[in-house]
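**Q** Provided herewith is a single structure, encoded as structure tokens, for subsequent inquiry.
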Amino acid sequence: MTTVAAYAAPAAKAPLERTTIERRPVGEFDVLIDIKFAGICHSDIHQVREGWGQAIFPMVPGHEIAGVVSEVGPGVTKFKAGDHVGVGCMVDSCRACDNCRAGLEQYCTRGAVMTYNGIGRDGEPTYGGYSQKIVVDENYVVRIPDSLPLDVAAPLLCAGITTYSPLKHWNAGPGKKVAVVGLGGLGHMAVKIAHALGAEVTVLSQSLRKKDDGLKLGADHYYATSDPKTFEELRGTFDLILSTVSAPMDFDALLSLLKTDGALVNVGAPEEPISLNLFSVIAGRKTLAGSSIGGIRETQEMLDFCAEHHIGAEIELIRAEQVNEAYERVLNSDVRYRFVIDTATI
Ligand SMILES: [Zn+2]
Ligand SMILES: [Zn+2]
């Protein structure tokens, strides 16, 4: 076992504090990673505050991990010491179900092992990226191309793949009109990626406060959802709407903006159930769908795509002791666009 410095929430809703955790010995197929940067995802806050149900404490959050391999087990073939690598939301899965075999490990029918707030195959709780080292099976590690700086690459491991996967699945590309709802951590990645895929991109944000940013990030149009005229003007416009917000939304109003056969895909996860008038999907043969991160193979594809298109996250680098303050700022939508912890400061 290796003792590693980390930041953890000792109990639900408690502030995070510096502590130490044990990492397992490097097994035959394991990779030991020196974590350099860890992004702060909104879902870290949901889980620390038990917004998604009972959680395991102490909790070391963090599933946007970028670092450098420092040691590999004797059976490892994909990585060697010195490689730049990333770890996202999961560190294992059953490897045998139809979804795992299809490269959709995030939908493992037996439940993938989450990077933190999960129970590993060894029966021990998993601890995430707000720490200095992590041991992960090589099959759940991805390569970060050398041309992508590790700090701006870290958020790609959740925010990047969470938006890339549905944009690809619903064919965002040339000739397609794509709307991104919300310009936060996920939304700003969705705009960059949809633009790079060749789609015509519209941001639908509560206000026009971040309009200049949105256009710089690659959006072609920018509308405020607080303005009722937006919904009149854009009725029946979009092939695909990607909603990245985790606050309650007017789904009927959003569905009215789709073309016939269009899809409204949710990647934000509100804590409460939603209400919906089913005529909103019946009229126009529309799809209301959801999507969760992406498989390991697709996560690698996303990283290679982002390197090719010079896409990283817009980040604000913080020291570990600023993490509680950063959480408050995320809750107030006061971040442009992702906090990333410099793990050397833990
Ligand atoms: Zn996340
Ligand atoms: Zn499985």
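**Q** Could you compute the FRET efficiency for residue 342 and residue 54, with r as their C-beta to C-beta distance and R0 at 30 Å, rounded to 0.05?
**A** The formula returns an efficiency of 0.45 here.
**Q** Measure nothing but the geometry: give the 0 to 90° angle between the long axis through the Cα atoms of 159-169 and the longest principal axis through the Cα atoms of the chain, rounded to 10°.
**A** 50
**Q** Let me check against my output: what whole-number percent is the relative contact order of the chain, with C-alpha pairs under 8 Å and at least 6 apart?
**A** It comes to 18 percent, rounded to a whole number.
**Q** Looking at the stretch 282-346, which trypsin sites (Lys or Arg not before Pro) are in a loop (DSSP not H, G, I, E or B) and have at most 15 other Cβ atoms within 10 Å?
**A** The qualifying sites are 285, 319, 336.
**Q** Same structure again: For residue 266, list long-range residues whose amide hydrogen, built 1.01 Å from N in the peptide plane, is under 5 Å from its own amide hydrogen.
**A** For residue 266, the qualifying residues are 243, 289, 290, 291.
**Q** Now for a different question. So what's the gap between the Cα centers of the stretch 188-220 and the stretch 128-145, to the nearest angstrom?
**A** 30
**Q** Something else: Rounded if a/c is under 1.5, else prolate if a/b beats b/c, else oblate: with a ≥ b ≥ c from the C-alpha gyration tensor eigenvalues square-rooted, which is the stretch 160-290?
**A** It comes out rounded by the Cα gyration axes.
**Q** Could you go through the stretch 302-308 in sequence order and give the Karplus-derived ³J(HN,Hα) for each residue, using 6.51 cos²θ - 1.76 cosθ + 1.60 with θ = phi - 60°, rounded to whole Hz, and x for Gly and Pro?
**A** Those phi angles translate into 4, 5, 5, 4, 5, 5, 4 Hz.
**Q** Nearest 10 degrees, 0 to 90: what angle lies between the long axis of helix 185-197 and the longest principal axis of the chain (Cα atoms)?
**A** On a 0 to 90 degree scale, this one is about 70.
**Q** For residue 318, list long-range residues whose amide hydrogen, built 1.01 Å from N in the peptide plane, is under 5 Å from its own amide hydrogen.
**A** It is 340, 341, 342, by chain and number.
**Q** Which one of 290, 257, 215 is farthest out on the positive end of the charge dipole of the stretch 160-290, using unit charges on Cβ (Lys, Arg +1; Asp, Glu -1) and the Cα centre as origin?
**A** 215
**Q** Amide H of residue 37 versus every other amide H placed in the peptide plane: which residues, excluding those fewer than 5 positions away on the same chain, fall under 5 Å?
**A** 66, 343
**Q** Here's something else I'd like to know. So if each residue of separation counts as 0.36 nm, and I subtract the Cα-Cα distance between residue 68 and residue 122, what length gain in nm does that give?
**A** So the extension gain works out to 17.0 nm.
**Q** Largest first, how would 46, 309 line up by accessible area (1.4 Å probe)?
**A** 309, 46
**Q** May I ask what percent, to the nearest 5, of DSSP beta bridges between residues of the chain are antiparallel?
**A** 55
**Q** Hey, what number do you get for the chain at 222 nm if only DSSP H runs of n ≥ 4 count, each worth -39500 (n - 2.57), divided across all residues, to the nearest 500?
**A** It lands at -6000 deg cm²/dmol.
**Q** Could you give the distance between the Cα centres of the stretch 246-297 and the stretch 5-69, to the whole Å?
**A** Value for the Cα centre distance between the two parts: 30 Å.
The values are calculated or read from the model by the stated rules, or taken from the named source; none is laboratory data. Not measured: the values here are computed from a predicted model. Counting neighbours? That spans all protein chains shown, and the Cβs are built from the backbone with ideal geometry, glycine included. What goes into the accessible areas is simple: the full protein's heavy atoms, side chains included, and nothing from ligands, DNA or RNA. Shrake-Rupley method; radii C 1.70, N 1.55, O 1.52, S 1.80 Å.
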